[in-house]
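Read the structure below first, then the notes.
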Amino acid sequence: MDDLVLKKIVLEVINQLNKTCIDSVFVLSDNNSFCFKNELENMGYKVDISNNACDFNNHCMFIIDDLSAEIISSISNLLYKDSNTSFIINALLSGKKVLALKDNDKFDNYKKTASNQLFSKLLELENTAKSYGLIILDSKSFLSYFSKNSNNEIKSSSASFDFTDKKVVTKSDIMDIVKDYSSIIVRNNVIITPLVMDYIKENKINIIYNE
């Protein structure tokens, strides 16, 4: 074989290797589809989609395609209701990165239709799931999370601000630390109003509850 042809083949192989996926992502989806599949593949991720649980060792990250109140309840209460919720809980217990895509419109409707007590309980359960390590993103922030992650611009998960001395966390408290911290530590009985909670979620601040 001609050396020039061989060199071209080697260069092409190297080029293709450079284009291969840097990480493998598993998407848990009821309808076996995922709206951000092409975008993630363009970023270099290998995306596998299924409505059934998979082997932890084959993927670096797991995504719940449509976060529901049922899933939030199961995770926050550690209820092994079925194989998929068991898979999600075990992934979190194993220290795996688990993301959930949340439909804000659906949850906004819950706010309109459910009682204040019930909706507040749902927010409480959501915060508990997040304190277990679940990363909740909406469609607007989903791709930006991956973009920042690929550029190493995500705030360190270890950057937590301690609010355990406070009985009430205000919006001004969060505004003071939002640029430098990715999570806050609070007591279990802390009071966080829905408006402050919305601001926390908008800025992707994780809440860690401390007894």
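Readers should treat all values here as calculations from the given coordinates under stated rules, not as data from a laboratory. Because the structure is a prediction, the values reported are computed rather than measured. All Cβ positions, even for glycine, are placed from backbone atoms using ideal geometry, and neighbour counts span all protein chains on display.
So the values come out like this:
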item: Distance (nanometres) between label positions extended 7 Å along Cα→Cβ at K81 and E39; result: 2.7 nm
item: Å³ per residue enclosed by the Cα convex hull of the range 155-211; result: 68 Å³
item: Zero-based 10 Å bins, Cα pair distances in the range 60-139, whole percents; result: 19, 54, 24, 3
item: At most 15 other Cβ within 10 Å, DSSP loop - chymotrypsin sites (Phe, Trp or Tyr not before Pro), the range 76-118; result: Y80
item: Built amide H within the under 5 Å cut-off of D103, gap 5+; result: L67
item: Per-residue ³J(HN,Hα) for the range 164-169, Karplus 6.51 cos²θ - 1.76 cosθ + 1.60, θ = phi - 60°, Hz, x for Gly and Pro; result: 5, 8, 9, 8, 10, 9
item: Local electrostatic count, N32, Cβ distance below 13 Å [Lys/Arg +1, Asp/Glu -1]; result: -3
